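Asks: Structure provided below as structure tokens; questions to follow.
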Amino acid sequence: MMTPEMPDDDLVRTRSHRPRDLPQGFRAGLITAITVLLGFSLGFLRFWGFDAPGDWSALSVLPGVSLLLASLLQIIALFRALRLEDEAEAEYRKTVRWFIASAVLLLLGLTAALWEAA
């Protein structure tokens, strides 16, 4: 017998194993955030790497590599966010982790670039 206090175990099991879809607008917001950060990353890398005055040094390699890797991680996160499978909550969470990792690496690269320029 099923009561509101104690639902049937089979019903609870089927509900918990069903992948949840995201609320509308979550993917669009993530895609927008990724593209804005990717645009900034590529713009900063272009200016810092090619247009800024000064010569490259051995210390310039660290920020350059981290900025390139951050851009690569952002492209991977964008690729993941544009897939249809990203509608599932578990896949969306993985994509957000890729994006957060790229943002942290970008901040480290920007800090290294500022430190190298000072």
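Asks: Suppose we keep only residues that are of a type in the set (A, V, I, L, M, F, W, C) and under 11 Å from Leu105 (Cβ atoms) within the stretch 38-80. Which one would you say is farthest from the chain's Cα centre (by Cα)?
Replies: Only one residue fits best here, namely Val65.
Asks: Can I ask one more? Scan the stretch 53-64 residue by residue and report those that are loosely packed, with under 13 Cβ neighbours inside 10 Å and without any contact (Cβ under 8 Å) to a residue 60 or more places away in the chain.
Replies: If the condition is that a residue be loosely packed, with under 13 Cβ neighbours inside 10 Å and without any contact (Cβ under 8 Å) to a residue 60 or more places away in the chain, then Pro53, Asp55, Trp56, Ser57, Ala58, Val61 are the ones that fit.
Asks: Condition check: out of contact with any Gly (no Cβ under 6 Å at 6 or more places or on another chain), surrounded by fewer than 16 Cβ atoms within 10 Å (Cβ to Cβ) and of a type in the set (Ser, Thr, Tyr). Does Thr95 satisfy that?
Replies: no
Asks: So, of the residues in the stretch 90-118 that are more than 15 Å from the chain's Cα centre (by Cα) and in contact (Cβ under 8 Å) with a residue 60 or more places away in the chain, which turns out to be farthest from Phe44 (Cα to Cα)?
Replies: By that ranking, first place goes to Ala117.
Asks: Of Phe99, Phe79, which residue is touching a Leu at 6+ places or on another chain (Cβ under 9 Å) and either closer than 12 Å to Ile34 by Cβ or part of a helix (DSSP H, G or I) (or both)?
Replies: Phe99
Readers should treat all values here as calculations from the given coordinates under stated rules, not as data from a laboratory. In this text the structure is predicted, and so the values were computed from the model without any measurement. Counting neighbours? That spans all protein chains shown, and the Cβs are built from the backbone with ideal geometry, glycine included.
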